[in-house]
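One structure is given here, and the rest of the page talks about it.
The values are calculated or read from the model by the stated rules, or taken from the named source; none is laboratory data. For clarity, every value in this text was computed on a predicted model and none was experimentally measured. Cβ sites come from the backbone with ideal geometry, for glycine too, and all protein chains shown count toward neighbours.
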Amino acid sequence: MGDATVSAAYARPDNASATLVVAHGAGAGMEHPFLRGFTDAMNDDGVATLRFNFPYREAGRKFPDRPPAAISTWRAAMAAAAERSGGEPLWACGKSFGGRMASMAVADGMQAAGLVYLGYPLHPPGKPEKLRDEHLYGLTLPMLFLQGTKDTFATPELLEAVVAKIGPAATIQWVEGGGHSFEVAGRKRDAYDIGAFVAAPVAAFLRAQH
């Protein structure tokens, strides 16, 4: 990461079955209630977690880092998690921007047991022609796309086609009625509880791979 230092939060339950490194989305840092709820629930399910900030967030800037800086940060976060692990599988996971940067880091050679996308930003809202998918097709590691059916960043038909093109390594799990942050219209839940809710299918996916 050059001279940049970023914050991270690590939690490890006894006899962890895997470690999940978790990156935030473009508009919120690692302390967002969604990510705290998600990682707390993963810890309760026997998965160690390390969540971290990208440099722009650490510096209080609003605009996300360019891919080279984000990929460098991902590599450093994975290395920090590996130092703390007991040799269990090390997964990369991210909310929106964080997940896309994880996939680009893996496409660039970063090692991971698999990838988990919490709302993959396949295209900007209302611009389905601007797909962010090309780097995904060379990836052969297990991938879970956890996506809301009402997510404006990924038209369901387009995401289904992308996942089919990637091949059997990729799986979609839909959250019915969920938006980009998995909120469901008419159902009042705070962000922490939503994060905890989406942890269950992720933990089940990890267990199924090992």
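Scanning region 124-148 for residues being assigned to a loop (DSSP other than H, G, I, E, B) and not basic (Lys, Arg) gives a total of 11.
With respect to (1) surrounded by fewer than 18 Cβ atoms within 10 Å (Cβ to Cβ); (2) at pLDDT 95 or above, the lone exception for residue 106 is condition (1).
Among the residues of region 64-91, just one is aromatic (Phe, Trp, Tyr) and assigned to a strand (DSSP E or B), namely 91. Between 171, 152, the distinction of being in a loop (DSSP other than H, G, I, E, B), among the β-branched types (Val, Ile, Thr) and farther than 23 Å from residue 53 by Cβ belongs to 152 only.
Of the residues making up region 32-70, those that are under 14 Å from residue 97 (Cα atoms), crowded, with 20+ Cβ neighbours inside 10 Å and of a type in the set (A, V, I, L, M) are 35, 70. The condition of being out of contact with any Gly (no Cβ under 8 Å at 6 or more places or on another chain) and touching a residue at least 40 places away in the same chain (Cβ under 8 Å) holds for only one of 114, 167, 195, that being 114. Just one residue in the set 94, 60 is on the phi > 0 side of the Ramachandran plot and either modelled with pLDDT of 95 or more or assigned to a loop (DSSP other than H, G, I, E, B) (or both); that residue is 60. For residue 79, indicate whether it is aliphatic (A, V, I, L, M), surrounded by fewer than 18 Cβ atoms within 10 Å (Cβ to Cβ) and farther than 28 Å from residue 174 by Cα. Considered against the rule, which asks whether it is aliphatic (A, V, I, L, M), surrounded by fewer than 18 Cβ atoms within 10 Å (Cβ to Cβ) and farther than 28 Å from residue 174 by Cα, residue 79 comes out as yes.
Conditions (1) among the hydrophobic types (A, V, I, L, M, F, W, C); (2) out of contact with any helix residue (DSSP H, G or I) (no Cβ under 7 Å at 6 or more places or on another chain); (3) within 22 Å of residue 37 (Cα to Cα), marked per residue:
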{"residue": "156", "(1), (2), (3)": "no, yes, no"}
{"residue": "164", "(1), (2), (3)": "yes, yes, no"}
{"residue": "174", "(1), (2), (3)": "yes, yes, yes"}
{"residue": "178", "(1), (2), (3)": "no, yes, yes"}
{"residue": "182", "(1), (2), (3)": "yes, no, yes"}
{"residue": "193", "(1), (2), (3)": "no, no, yes"}
{"residue": "197", "(1), (2), (3)": "yes, yes, yes"}
{"residue": "203", "(1), (2), (3)": "yes, no, yes"}
{"residue": "209", "(1), (2), (3)": "no, yes, no"}
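Given the condition modelled with pLDDT of 95 or more and small (Gly, Ala, Ser), answer yes or no: does some residue in region 123-138 qualify? The answer is no; no qualifying residue exists.
For region 71-102, a residue qualifies if it is under 22 Å from residue 153 (Cα atoms) and without any contact (Cβ under 8 Å) to a residue 40 or more places away in the chain, and the qualifying residues are 71, 100.
Per the conditions (1) under 25 Å from residue 194 (Cβ atoms); (2) touching a residue at least 40 places away in the same chain (Cβ under 8 Å); (3) assigned to a loop (DSSP other than H, G, I, E, B); (4) out of contact with any Gly (no Cβ under 9 Å at 6 or more places or on another chain), the sole criterion not satisfied by residue 29 is (2).
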